[in-house]
1. What order do you get for MET31, MET108 when you list them from fewest to most C-beta neighbours inside 10 Å?
2. Which of the following values of P(r) over Cα pairs in 10 Å bins from 0, in percent was calculated from the structure shown: (1) 8, 31, 36, 21, 4, 0; (2) 8, 30, 30, 19, 10, 3, 0; (3) 8, 33, 39, 17, 3, 0?
3. Ignoring GluC sites (Glu not before Pro) that are buried or in helix or strand per DSSP, and keeping those with at most 14 other beta carbon atoms within 10 Å, what is the longest stretch of the chain between them?
4. Roughly how many whole Å is it from the C-alpha centroid of the stretch 4-83 to that of the stretch 100-140?
5. Please give the calculated 222 nm ellipticity per residue for the chain, where each DSSP H segment of at least 4 residues contributes -39500 (n - 2.57) and the sum is spread over every residue; nearest 500 deg cm²/dmol?
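Please treat every number below as a calculation from the coordinates, not as lab data. For clarity, every value in this text was computed on a predicted model and none was experimentally measured. Every residue, glycine among them, receives a Cβ derived from its backbone with ideal geometry; neighbour counts consider all protein chains shown.
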Amino acid sequence: MKPLAIITGVGPGTGSSLARRFAQDGYRVAMLARDAARLADLERELEDSLAVPCDVADAAALTAAVEDLIARFGAPKAVVHNAVGGAFGSFQDIQPEVLERNFQVNVMALFHLARLTTPGMIAAGGGSLIVTGNTSALRGRANFAGFAPTKAAQRILAESLARDLGPKGVHVAYLVIDAVIDVPWTRERYPTAPDDFFIRPADIADEVFRLAHQPRSAWSFLAEVRPYAETW
């Protein structure tokens, strides 16, 4: 039976590239996102993949979806939490309920995923839980008040998970993506930017896959990727 990978936030950029990368290496990929039509297209493209329409901010829906996958296919070998809730504006601009929803997507969904999937990984002898983040997890700029607090909390939660689960054989890693991801809407936002201004979703997926398969003697927790010309 193919190993199971559960990926949240399977959108048109990084999420779809993640699904393709894990499928390419022989995984049965369960793809979670709210857009059922996009998932259905990917399910047709990727052999043995599973479209799982789900809002990860809804704890009951997320729990039901993941429990069903585990009941059908066993514990996942890899879980990637790529779903993201974001909002841009000062603390005066952002409504409290927006920040609260972003916390549900970025932090609580990770909390629930870990509780649902890692016990089975431990029992099976190992697995990986990879979280995609960005530089908002490391600093709080003025117009990121509705976003950065949740990503910082996500990174700290991931670190707590890594310290707990690592000695039990489950690798937890946090990937900081310090870049503008190359998707159609970012191309429209930066129409004059050169190609090397953007980071390719497929390259992010390669790095996530590498982290998920590091040898036990050399696990990373905090990793970073950025275009070669990025100022940092």
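1. On the way: MET31 28, MET108 19.
Ascending number of Cβ neighbours within 10 Å: MET108, MET31.
2. From the options (1) 8, 31, 36, 21, 4, 0; (2) 8, 30, 30, 19, 10, 3, 0; (3) 8, 33, 39, 17, 3, 0, the structure gives (3).
3. On the way: sites that count: GLU47, GLU230.
Within the chain, the longest run free of exposed GluC sites (Glu not before Pro) spans 48-229.
4. 14
5. Numbers: 8 runs with 96 residues, N = 232.
Counting only the DSSP helices, I get -13000 deg cm²/dmol.
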